[in-house]
Amino acid sequence: MSRGGTFASIDIGTTKVCTVVGELASEDMRILGVGIAPSAGLTRGMVENIRDATESIKASVEKAERSSGTRILSAHVGVAGTHIACLNNRGIVAIPDRTRPIMPDDVTRVLDGARVVSIPTNREIIHVIPRYYVVDGQDNVSDPVGMFGTRLDVETHIVTGIDSAIQNLTKCVENVGVQVDGLILEPLASAEAVLDQEEKEQGVVLVDIGGGTTDIALFIESSVFHTAVLPVGGNHVTRDIVVGLRAPYQAAEDAKRKWGHAIPSMVDAREEITLDAFGSEGSKTELRRRLCEIIQARVEEILEMVSAEVKRAVHDDVISAGIVLTGGTAKLSGIDMLAEQVTGWPARVGMPRNLHGLTDALIDPAYATSVGLLQWTVNEAEASTWHRPSRASLDMGSIWRRLGNWARVLLPE
Ligand SMILES: Nc1ncnc2c1ncn2[C@@H]1O[C@H](COP(=O)(O)OP(=O)(O)OP(=O)(O)O)[C@@H](O)[C@H]1O
Ligand SMILES: [Mg+2]
């Protein structure tokens, strides 16, 4: 198998757009270029102004092109937003000839079967992810190709989105002259960047708290069981500070980053902070603890929503590895402690790892999705090169088409 290859991905967040260009060098991924630009025209992870969103994507892509010295012709793009929904479905096929092993075509057939689900006409399937296969009743087979059996089942996790939201996102990227090779659900990308295999095996909840959304991916026995996107994020925390302290948005944002803590009792009860304020004075002095109380109230609410979402999907006994927090809001001091208090699960903050090359900007929880998108793309391409069932998209035809496209994903400038 050729392990070479150059890839590009675009994370279009509510607060920033991040384009990453990377290559697979032996076992590791090397980052060749990064382009980060402030985001505009998006609310809660969805495009609300095509022109503004296009401009921010353009700025990010151009920066990534400059830093990598390549021209980006196509890329994988992250998708989130409240229009996302998920379900689990099973596919079953017979293997007609019992003298031959199960072939990649059989896997394609069973996956095609699993994707026959009734979804509203305004929705389209983004992922059909095989969770595990069953060969003649033998459970938890991770790759059935080469095995013998007469019946092949697959348990899948299916992610859907509203087609107009997907079209809007795709249009913005295409406006910049970049072809969309595939869409990847953002929490799945973040999970790729920050979760350990052991955590996925023992049951873990990945929670990416960004600016406008909180993205959830729940893994049980190494495979994804539930995904969700909640319409709240760090920007809501900042807005609460604006209202609570009557401060302009930027001052509230700066104060959150500089003095914020998720556990108010951990900051000195008498410590004072000075920040810009509305009104004739222009600035004001507040107790730091007051700021932290405002932050805690909203972050606690977000974590309670996460806990409720997870408990609706599974019994919390299966989440032994607890919760891994990432996204920009995971940089809030004490958020892991608050998460442990609210959910009762162990919690840690996760950031991208195992990166080489131009990584300075990316080793940060805010870039978990950006890095994970690239890692997912690389893994998907590797899986399809091996004729192995891909974890991401089961449309094998399209994977091969995309493999053919690699050569023109990036052109040296
Ligand atoms: N040190 C910090 N403390 C608290 N919050 C922070 C800190 N640094 C960044 N944030 C918050 O993180 C959020 C941005 O996170 P991120 O970059 O992951 O969002 P995004 O990917 O643009 O948005 P989304 O994924 O929701 O569409 C902002 O609300 C910002 O205020
Ligand atoms: Mg994000």
Can you give the Rg to Rh ratio of the range 234-297, both from alpha-carbon atoms, with Rh computed by the Kirkwood formula?
-> 0.93
What nm value, rounded to one decimal, do you get for the distance between residue 257 and residue 179 when each label is placed 7 Å out toward the C-beta?
-> 3.8 nm
Of the listed peptides 169-178, 194-203, 70-79, what is their order by residue-averaged count of other C-beta atoms within 10 Å, with the highest listed first?
-> 70-79, 169-178, 194-203
Ordering of 125-131, 18-24 by packing [mean C-beta count within 10 Å, highest first] | 18-24, 125-131
Give the long-range amide H neighbours of residue 323: residues separated by 5 or more places, or on another chain, with amide H under 5 Å away, using H modelled in the peptide plane at 1.01 Å from N.
-> 205, 347, 348
Heavy-atom accessible area per residue of the range 234-297, all protein chains kept, 1.4 Å probe, expressed in Å², is 55 Å²
Holding the Cα-Cα limit at 23 Å, pick out from 200/258; 58/256; 63/200; 311/331; 58/331; 256/284 the pairs that are longer than that.
-> 200/258; 58/256; 63/200; 311/331; 58/331
In Hz, Karplus ³J(HN,Hα) per residue of the range 239-256 (6.51, -1.76, 1.60; θ = phi - 60°; x = Gly, Pro) = 4, 4, 5, 4, 6, x, 9, 6, 10, x, 4, 5, 5, 5, 4, 4, 5, 4
Apportionment of accessible area to carbon and sulfur, the chain, percent (1.4 Å) = 48 percent
Once amide H atoms are built 1.01 Å from N in the peptide plane, which residues 5 or more positions from residue 95, or in another chain, come under 5 Å H to H?
-> 151, 152
By the gyration tensor of its Cα atoms, with a ≥ b ≥ c the square roots of the eigenvalues, what is the shape of the range 18-155: rounded for a/c under 1.5, prolate for a/b over b/c, or oblate?
-> oblate
For n ≥ 4 DSSP H runs only, could you compute -39500 (n - 2.57) per run for the chain, divide by its residues and tell me the 222 nm figure to the nearest 500?
-> -11000 deg cm²/dmol
If we sort 84-93, 204-213 on the protection proxy, mean other Cβ atoms within 10 Å, highest first, what's the order?
-> 204-213, 84-93
Cβ-defined net charge surrounding residue 311, 15 Å radius [Lys, Arg +1; Asp, Glu -1] | -3
Residues meeting the amide H criterion for residue 127 (H placed from the backbone, H to H distance under 5 Å, 5 or more places apart or on another chain) are 159
Name all residues of the range 148-172 having a backbone nitrogen under 11 Å from the label point set 7 Å from the Cα of residue 98 along its Cα→Cβ direction, giving them as ranges.
-> 149-151
Per DSSP, the loop-located chymotrypsin sites (Phe, Trp or Tyr not before Pro) within the range 108-174 having at most 15 other beta carbons within 10 Å are 148
Residue by residue, what Karplus-based ³J(HN,Hα) values in Hz, rounded to whole numbers, does the range 316-327 have, using 6.51, -1.76 and 1.60 with θ = phi - 60° and x for Gly and Pro?
-> 6, 4, 7, 9, 5, 7, x, 10, 10, 9, 8, x
For the range 85-162, what size does the Cα cloud have along each of its three principal axes, sorted from largest down, in whole Å?
-> 43, 20, 16
Expressed to two decimals, the chain has a Cα Rg over Rh, using the Kirkwood radius, of 1.00
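The values are calculated or read from the model by the stated rules, or taken from the named source; none is laboratory data. Small disclaimer: the values here were computed from a predicted structure and weren't measured. Cβ: placed from backbone, ideal geometry, glycine included. Neighbour counts: every protein chain shown. Quick note on the areas: whole protein, heavy atoms, side chains included, nothing else; ligands and nucleic acids left out. Shrake-Rupley method; radii C 1.70, N 1.55, O 1.52, S 1.80 Å.
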